[in-house]
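A.B. asks: Sharing a structure below in structure tokens format, with a few things to ask.
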Amino acid sequence: MTQPIDEGYVKYESNWTEGDAPDEDSVAELNRWRKPLLEAGLIGHDDTHDVGFGNLSLRTEGDQFVISGTQTGHIGATGPEHYSLVTGVDTDANRVNCFGPIQASSESLTHAALYALDPSIHAVVHVHSPALWRQQSGKLPTTRPDVSYGTPEMAHEFERLWRETEFPERRIAVMAGHADGLISVGGSLEQAAEKMLGLYRSL
Ligand SMILES: [Zn+2]
């Protein structure tokens, strides 16, 4: 008997209100930094499994943030129609409330957990890189291998990294339980993206 891969985990639930695209300035800034990440292959589309990977987000006000929509990793040039405003989350119920022309990425919960760590965090970049993941696991602050992405446990795991490791200073981390996954945070999208791109260039 085959088991669904999300066996044992709370299923992600999106509470989506269809509406206008997020503000133009946020979308422009996200597109600006998405481009070099896409060109580096850190964000993109996995043809073998037909899934998009990687995403970035920008805090607007309070705990709200703009993030790329679900399954947009394959799109070369994203427009306002590919972004959604996350207006709130319930971490332990794995529920995301979002507003926009498209549903927010299923990875919004982890982004929300990172914004909740510190008010100085204004941007989050999540990428996939087999090479960086292998090289940096256990060197950079690293989440536990038994914690899967998109689960309430991952949100709590980032709280632990913030308390117990150099994550607040380094602002970049590896997710051992999410193959190829890394996360960077910053006071701006430029800071978060450059942190990741700088590490990538050093390979
Ligand atoms: Zn991922």
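A.B. asks: Starting with the fewest neighbours, write out I102, I183, I172 ranked by other beta-carbon atoms found within 10 Å of each beta-carbon.
C.D. replies: Fewest to most other Cβ atoms nearby, the residues stand as I102, I172, I183.
A.B. asks: Okay, moving on. Pick out, from L182, S137, H74, the residue whose Cα sits farthest towards the positive end of the charge dipole of region 13-201, with +1 on the Cβ of Lys and Arg and -1 on the Cβ of Asp and Glu.
C.D. replies: The residue sitting farthest along the positive end of the dipole is S137.
A.B. asks: Over all pairs of distinct alpha carbons, what does the Kirkwood formula give as the hydrodynamic radius of region 41-122, in Å?
C.D. replies: Taking the inverse mean of 1/r over all distinct Cα pairs, region 41-122 comes out at 13.1 Å.
A.B. asks: Can you run phi through the Karplus equation (6.51, -1.76, 1.60; θ = phi - 60°) for region 157-170 and list ³J(HN,Hα) in whole Hz, with x for Gly and Pro?
C.D. replies: Result, ordered by residue: 5, 5, 4, 5, 4, 5, 7, 10, 10, 7, 3, x, 8, 6 Hz.
A.B. asks: Each residue of region 34-41 in order: what ³J(HN,Hα) in whole Hz does its phi give by Karplus 6.51 cos²θ - 1.76 cosθ + 1.60, θ = phi - 60°, with x for Gly and Pro?
C.D. replies: These are the phi-based 3J(HN,Hα) values: 5, 4, x, 5, 5, 5, 7, x Hz.
A.B. asks: Right, another one. I'd like the per residue volume of the convex hull spanned by the Cα atoms of the chain, given in cubic angstrom.
C.D. replies: Taking only Cα atoms, the chain has a hull volume of 120 Å³ per residue.
A.B. asks: A further question follows. In debye to the nearest 20, how big a dipole does the chain give about its Cα centre with +1 on each Lys and Arg Cβ and -1 on each Asp and Glu Cβ?
C.D. replies: 720
A.B. asks: Among residues other than I172 whose Cβ falls under 13 Å from its Cβ, what is the net charge (Lys/Arg +1, Asp/Glu -1)?
C.D. replies: Working: positive: K139, R170, R171, K195; negative: E166, E169, E194.
Taking every Cβ under 13 Å from that of I172, the sum is +1.
A.B. asks: A further question follows. So what's region 138-203 giving for Cα Rg divided by 2.2 N^0.38 Å, two decimals?
C.D. replies: Region 138-203 yields a ratio of 1.08.
A.B. asks: Also, I was wondering about something else. Counting only trypsin sites (Lys or Arg not before Pro) that are in a DSSP loop and have at most 11 other C-beta atoms within 10 Å, tell me the longest site-free stretch of the chain.
C.D. replies: My reading of the result: 12-138 is the longest stretch.
A.B. asks: Can you give the relative contact order of the chain as a percent, counting alpha carbon pairs under 8 Å and 6+ residues apart?
C.D. replies: 21
A.B. asks: What is the log10 of I(q)/I(0) for region 84-203, computed with the Debye formula using one identical point scatterer on each Cα and no solvent, at q = 0.10, 0.13, 0.14, 0.19 Å⁻¹?
C.D. replies: -0.28, -0.47, -0.55, -1.03
A.B. asks: Enumerate by residue number the GluC sites (Glu not before Pro) in region 45-139 meeting two conditions: DSSP loop (anything except H, G, I, E, B), and at most 16 other Cβ atoms within 10 Å of the site's Cβ.
C.D. replies: E61
Any read-out appearing in this document is the output of simple, stated calculations on the displayed coordinates, not a laboratory observation. Note that the coordinates shown come from a computational prediction; the quantities given were computed from them, not determined experimentally. Methodologically, a virtual Cβ is constructed for each residue, glycine included, from the backbone with ideal geometry; neighbour enumeration extends over all protein chains shown.
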